[in-house]
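To keep things clear, I will list the structure first and then write my remarks on it.
The values are calculated or read from the model by the stated rules, or taken from the named source; none is laboratory data. Source: prediction; values computed, not measured. Cβ placement follows ideal geometry from the backbone for every residue including glycine, while neighbour counts extend to all protein chains displayed. Accessible surface is based on the protein model in full, side chains and every heavy atom, while ligands, DNA and RNA are left aside. Shrake-Rupley method; radii C 1.70, N 1.55, O 1.52, S 1.80 Å.
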Amino acid sequence: MAFKHNVRQYRGLGPFTVVFFAWLYLPIAVVIFYSFNENRLVSVWSGFSLKWYAEALSNRNLMNAVQTSLSVAAIATICATGIALMAALVLVRGRNVKYRRVSETIVNLPLLLPEIVLSVAVLILFSQVGLANGFLKLVIGHTTFCTPFAFLPIRARLQGMDSDFEDASADLYANRWTTFRRVTLPLIAPGVFAGAMLAFVISMDDFITSNMLNSGGSTTLPVYIFGLIRQGTTPELNAISTLIILVSLIVAALALFIQARGATTNTH
Amino acid sequence: MPCRSDAKLQNWPWTDDRDPGRTGLTRKGTDLETRNKAVEIRQVSKTFGRHQALETVSFDIRDNEFFTLLGPSGCGKTTLLRMIAGFEEPTTGQILLHGQSIQSLPPHRRRVNTVFQNYALFPHMTLEQNIAYGLENLGWEKKRRQDRTAEMLELVHMTAFALRKPAQLSGGQRQRIALARALAPEPEVLLLDEPLSALDLKLRQAMREELRQLQRKTGLTFVFVTHDQEEALDMSDRICVLGDGRIQQIGTPRDIYEDPANRFVANFIGETNFFDVEILSLDDTTARVRTPMGIEMTAGHRNLERGQKEATLSLRPEKIGLDDQAGGEIVTGTVTGVNYLGGFTHYVVRVGEADLRVSRRNAAGRPTTLVEGSKVRLGLQAEAARILGT
Amino acid sequence: MKDFRFWGLLPAHLLMMCTLIVPILIIIAVSVSTRGAYGGFEFEFSTDAYRQILFNEGWSGEMEFNPQYLFIIARTAVLAGLATLICMVLAFPVAYWITLQSAQMRTLLLFMVTLPFWVSMIVRVYAWLIILGNDGVIESALRATGLVEDMDTLLFNNGAMLVGMVYSYIPLMILPVYASIEKLDRALIEASHDLYGSRMTTLRRVILPLCWPGLGAGAILVFVPCLGTVLEPILLGGGKIMMMGNLIQMQFGGARNWPFGAAIAITLMCLVMGVLIVNGLRAMRQAQLKAESI
């Protein structure tokens, strides 16, 4: 970069990027900073305190919402990943699959629609079917929009994996199930993991559908936080947000780490 | 793809000790013609959609044979190999393995093993696990599996690497492990899909020798696919030349080089001079033709039919005698090009209306006096020339 | 169990059929139904819901043209378009700069771009509430410096919503743009300079044209979710400035006019489908041009 005539270099890009990243991280930093504020008023600093964390962690409703969110996300992730894995195996590896393009579009349909439309769709569906169990409604709704997020990384990994490995396995006397269990699955594991991770995060993060399906006893974390925000900004909200940010960052770092390790096992 | 649970492994005749009468390892034939047929290709053709990859072909591969499928890319040779392995289904015809049709068998029930072009070593398993994989699927018990795996590692001189992963190996080492993995389950036939093409030149030449020795040592039938004619000539007992989805010729390396069946084979294997010639007279094995060099020649032919007027004369550059080595029909010409290639020198000589490429070994003490414009004598020997149908 | 091609796809198809395709057909049916007396709807054909988008029913039942919902639809499209444009302008220089860095640095920076995306959407929007809100960070800071005594809130306007939308979706723009710049052969840039092109000429005539596919992909990824966005108008727009997302949501919540909500949802869906189809056609034409040029 010291070379004066580097033709790819444009002036001002560096500072611009620095400002951009500052802008990207400023809101997060602000939330974290004010979560340690002792004052009841969010933006009036009056000293360091952890009391809002104590308050947040002893908040029954919050913990219930966390539990609901985790349960819904876990079940929806398992269902979505399983469904997506099977679909990807057929759509990538199957020979002479009829209507392959149409099938793929159907699996990815939730990505093509605005989520608000999707949430109205499931709301009307449940009202017509007469399903009253709020938890089950959430699980079904979340499974629907998580499926394409699980599908895409799995498909990408399968497409990147040479089918010679499966041929070699069959050549070495493994039947289709053994081949899947001992060759295909271990080799696409990073993709499956990434897909599941994405599905889990998307489910945990979802507000629109969960809010639409919200009923007593099935309030997810984002819906609960939304309710708190409507009551006004409080330092406790900052503490909750900071905890969420912390967990998100740990999960993201973990995902990246595992992804990076997966990338070292070359499948070409 | 997970689908069928497969409980039939127990009834598999080969999971027990090998029947010595059935395998290539213990059967030593002397003459190709009297050996048993390892693979029979009967009226097999393959069509992908509208594209015909392989026209109807039939031939046999015999036991203990190093059999090569040679041809340019897209000639159908890999398709043929994959049909033997079971990864593709013939559109018509059938394939027999030691006299039994394997048409209905999926790849994992066929007693053939493949060395893949890029080896397809499972990256998540150690070398040991890779080699043992087939044995496990065959239901070999642990002790026997371990012994066989060790034996195979020994065979390819890789014992020290048993616990490594494929990513830690060089190309040549991967190649050896791929061989060991394919040989371990004692297949009836070993299929090799351009296994040397991923290696660099020096290594390729070393591996050629190693492969040939391995085949002799195990006595196994090798079916080898390559587009490299030198490789094929060097290693094979017999070569099947494929082109345009058709068999062009099957024969020993010498047959194919010295007595090519048609223009395609003569052109694909080695270098040659082609001349359009006029047929003057013809009998069953030889023909007299008028050449553009202004002389008449008599040479052997294949497949020429009576009444045919035109044909192609093929003359290998190294079989044309130059200057003091000239013998047979003598013509004179002018050197119009000289290419020095180290071990050889190639000359282009203008004779009458024709340009001839002639190559001469740069032997010790032979002065290189020929330059562009030199007049030179050429000896065209009838037995080195072939007349081919056009 | 004979054909995995059938069984493997069955769960996915069944799920999407039951939870999406059939319900969307129901939405269409609901949008042409009559509003129920106590919320919900009754299956009785009526185009009231669609007429309500354009007309207001007066006291005596006469219809008068009322553009308020058209304004909402237009505002949604314009804001989404603006957000997309801003994302492009911000993302391109940043993505370009990242491609100039060392391999390790690139991985790190891309990770940093995606990191906020992992943080819950509601927390990210909430953060802007703290920054822009009454007695928020910006206001407090300005007051502390003595520049202003009192100021109008920075919230509850189009600008606040725009900031929120850009902030929420910009990683979706950076990643495809980065990928397209990364793919760009550096020899092409050098060739442009070799042929006497200045930096600006090179940018305009070589770099940007070759990065259009990436910018286009990013634009779709940002524009579509922006059209249906709900949180930004409710929280940063204060629920007073409507966009289609929260308008729909209201009809199924407080206002309980399901047929009208369904009609707006169908309108939104058609808008999105229109964008995707236009994009698909363009991609197809490009592929065709490419095929013809070979």
If we scan the stretch C:189-204, do we find a residue that is among the hydroxyl-bearing types (Ser, Thr, Tyr) and either in contact with a Cys (Cβ under 9 Å, 6 or more places away or on another chain) or closer than 29 Å to C:Ser120 by Cα (or both)? no
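For every residue, the table says whether it meets (1) modelled with pLDDT of 85 or more; (2) open to solvent by less than 30 Å² (accessible area, probe 1.4 Å); (3) in the same structural domain as B:Leu280 (by TED's automatic domain parsing).
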residue	(1), (2), (3)
B:Gly294	no, no, yes
B:Leu315	yes, yes, yes
B:Asp323	no, no, yes
B:Gly328	no, no, yes
B:Gly342	no, no, yes
B:Thr345	yes, yes, yes
B:Val358	yes, yes, yes
B:Gly365	no, no, yes
B:Lys375	yes, no, yes
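Yes or no, residue by residue, for (1) outside any helix (DSSP H, G or I); (2) crowded, with 19+ Cβ neighbours inside 10 Å; (3) among the acidic types (Asp, Glu):
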{"residue": "C:Ala144", "(1), (2), (3)": "no, no, no"}
{"residue": "C:Thr153", "(1), (2), (3)": "yes, no, no"}
{"residue": "C:Ala160", "(1), (2), (3)": "no, yes, no"}
{"residue": "C:Tyr167", "(1), (2), (3)": "no, yes, no"}
{"residue": "C:Glu190", "(1), (2), (3)": "no, no, yes"}
{"residue": "C:Ile207", "(1), (2), (3)": "no, yes, no"}
{"residue": "C:Gly214", "(1), (2), (3)": "no, yes, no"}
Out of the residues in the stretch C:106-136 that are among the aromatic types (Phe, Trp, Tyr) and under 19 Å from the mean Cα position of the chain (by Cα), which is farthest from the other protein chains (Cβ to nearest Cβ)? C:Phe117
Go through (1) more than 30 Å from C:Trp258 (Cβ to Cβ); (2) facing another protein chain (nearest Cβ under 7 Å); (3) open to solvent by 40 Å² or more (accessible area, probe 1.4 Å) for A:Glu104 and report which single condition fails. (2)
Among the residues of the stretch B:323-346, are any over 27 Å from B:Asp259 (Cα atoms) and in a loop (DSSP other than H, G, I, E, B)? yes
When (1) within 14 Å of chain A (Cβ to nearest Cβ); (2) assigned to a strand (DSSP E or B) are applied to B:Ala167, the one that fails is (2)
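Which one of C:Ala103, C:Ala74 is surrounded by fewer than 16 Cβ atoms within 10 Å (Cβ to Cβ) and away from chain A (no Cβ under 14 Å)?
None of the other options fit; the residue is C:Ala74.
May I ask you to list the residues in the stretch B:133-150 that are open to solvent by 10 Å² or more (accessible area, probe 1.4 Å) and assigned to a helix (DSSP H, G or I)?
Result: B:Glu136, B:Asn137, B:Lys142, B:Lys143, B:Arg144, B:Arg145, B:Gln146, B:Asp147, B:Arg148, B:Ala150.
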Can you spot a residue in the stretch C:2-25 that is assigned to a helix (DSSP H, G or I), closer than 30 Å to A:Ala84 by Cβ, modelled with pLDDT under 80 and facing chain A (nearest Cβ under 9 Å)? yes
Subset of the stretch B:136-154, residues closer than 24 Å to B:Arg110 by Cα and either within 29 Å of the chain's Cα centre (by Cα) or of a type in the set (Ser, Thr, Tyr) (or both), comes to B:Thr149, B:Glu151, B:Met152, B:Leu153
Listed by range, strands (runs of 3 or more DSSP E) wholly within the stretch B:64-132 having at least 2 residues that are over 30 Å from B:Arg164 (Cβ atoms) and open to solvent by 10 Å² or more (accessible area, probe 1.4 Å) are B:92-97
Considering only residues that are assigned to a loop (DSSP other than H, G, I, E, B) and surrounded by 15 or more Cβ atoms within 10 Å (Cβ to Cβ), which ones fall in the stretch A:51-101? A:Asn59, A:Gly94, A:Val97
When you go through B:Met158, B:Met207 one by one, which is the residue that is at pLDDT 90 or above and either of a type in the set (A, V, I, L, M) or open to solvent by less than 20 Å² (accessible area, probe 1.4 Å) (or both)? B:Met158
Kindly check whether there is at least one residue in the stretch A:39-50 that is assigned to a helix (DSSP H, G or I) and either within 12 Å of chain C (Cβ to nearest Cβ) or without any contact (Cβ under 8 Å) to a residue 40 or more places away in the chain (or both). no
Residues of the stretch C:252-267 classified as within 13 Å of C:Val30 (Cα to Cα) and at the interface with chain A (Cβ under 9 Å from one of its Cβ atoms), total: 6
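Which one of A:Phe149, A:Phe165, A:Phe180, A:Phe207 is within 22 Å of the chain's Cα centre (by Cα) and at the interface with another protein chain (Cβ under 10 Å from one of its Cβ atoms)?
The unique qualifying residue is A:Phe207.
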Within the stretch A:42-77, can you find the residues that are within 16 Å of A:Thr219 (Cα to Cα), polar (S, T, N, Q) and within 20 Å of the chain's Cα centre (by Cα)? A:Gln67, A:Thr68, A:Ser69, A:Ser71
Just one of (1) touching a helix residue (DSSP H, G or I) at 6+ places or on another chain (Cβ under 8 Å); (2) surrounded by fewer than 17 Cβ atoms within 10 Å (Cβ to Cβ); (3) among the polar types (S, T, N, Q) trips up A:Ser169, so point out which. (2)
Out of (1) out of contact with any Pro (no Cβ under 9 Å at 6 or more places or on another chain); (2) more than 16 Å from B:Thr272 (Cα to Cα), the odd one out for B:Leu380 is which? (2)
Go through the stretch A:189-220 and report how many residues are in contact with an Asp or Glu (Cβ under 9 Å, 6 or more places away or on another chain) and in a helix (DSSP H, G or I). 2
Single unsatisfied condition, A:Leu109 versus (1) facing another protein chain (nearest Cβ under 7 Å); (2) within 16 Å of A:Phe193 (Cα to Cα); (3) open to solvent by 10 Å² or more (accessible area, probe 1.4 Å): (2)
Could you pull out the residue among C:Ile98, C:Ile130, C:Ile73 that is farther than 29 Å from A:Val247 by Cα and in a helix (DSSP H, G or I)? C:Ile73
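Yes or no: A:Ala174 open to solvent by less than 10 Å² (accessible area, probe 1.4 Å), assigned to a loop (DSSP other than H, G, I, E, B), at the interface with another protein chain (Cβ under 9 Å from one of its Cβ atoms) and not basic (Lys, Arg)? Reasoning before the result, please.
Details: open to solvent by less than 10 Å² (accessible area, probe 1.4 Å): yes; assigned to a loop (DSSP other than H, G, I, E, B): yes; at the interface with another protein chain (Cβ under 9 Å from one of its Cβ atoms): yes; not basic (Lys, Arg): yes.
In short, yes.
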Only one of A:Leu249, A:Leu185 is of a type outside the set (S, T, N, Q), under 30 Å from B:Trp140 (Cβ atoms), surrounded by fewer than 22 Cβ atoms within 10 Å (Cβ to Cβ) and out of contact with any His (no Cβ under 9 Å at 6 or more places or on another chain), namely A:Leu185
